[in-house]
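Each value in this text was obtained by applying a stated rule to the coordinates, not by laboratory testing. All values derive from a computational prediction rather than experimental measurement. Backbone-built Cβ (ideal geometry, glycine too); neighbour counts: all protein chains shown.
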Amino acid sequence: MNAEGLSSVEREYIRKHHRHQPASNQCSSALVKHIKAPVHLVWSLVRRFDQPQKYKPFVSRCVVQGNLEIGSLREVDVKSGLPATTSTERLELLDDEEHILSMRIVGGDHRLRV
């Protein structure tokens, strides 16, 4: 994670909520993006684990297994041109009060190894 360009408040927020400590053979990332829009509007899109294509233009299709609760899986089809065609992802955390969505890649046809 690159902390350049972030305020101390943003760095502390990431440190508070991004808890994964990767092993030497793992990687981890956090995405921080400033958007000039009301939080409730942005969160209403981002929290939709079942519809990542609403805000991720590289996702062409998403099928969810489960009831949209922690542990639910989604199969995501990725548009061509990226180093992936599919990704299987598990919902790890969905916190509506802190506006945090965390998911883990657990499989798929991509260059990431699980």
- [ ] Take the Cα radius of gyration of segment 35-107 and divide it by 2.2 N^0.38 Å, with N its residue count; two decimals is plenty.
- [x] 1.11
Task: Which of Leu101, Gln53, Trp43, positive extreme of dipole for segment 35-107 (C-beta unit charges) - done: Gln53
Open item on the list: Starting from the 7 Å offset along Cα-to-Cβ, what nm value, one decimal, do you get for the label separation of Glu75 and Asp95?
Closed with: 3.2
- [ ] Give me the distance in nm between label points sitting 7 Å out from Cα along the Cα-to-Cβ direction at Arg11 and Ala23, one decimal.
- [x] 3.0
Open item on the list: Amide H of Val59 versus every other amide H placed in the peptide plane: which residues, excluding those fewer than 5 positions away on the same chain, fall under 5 Å?
Closed with: Lys79
- [ ] List the lysines whose Cα lies under 21 Å from the Cα of Lys79, skipping any in the same chain that are fewer than 8 positions away.
- [x] Lys54, Lys56
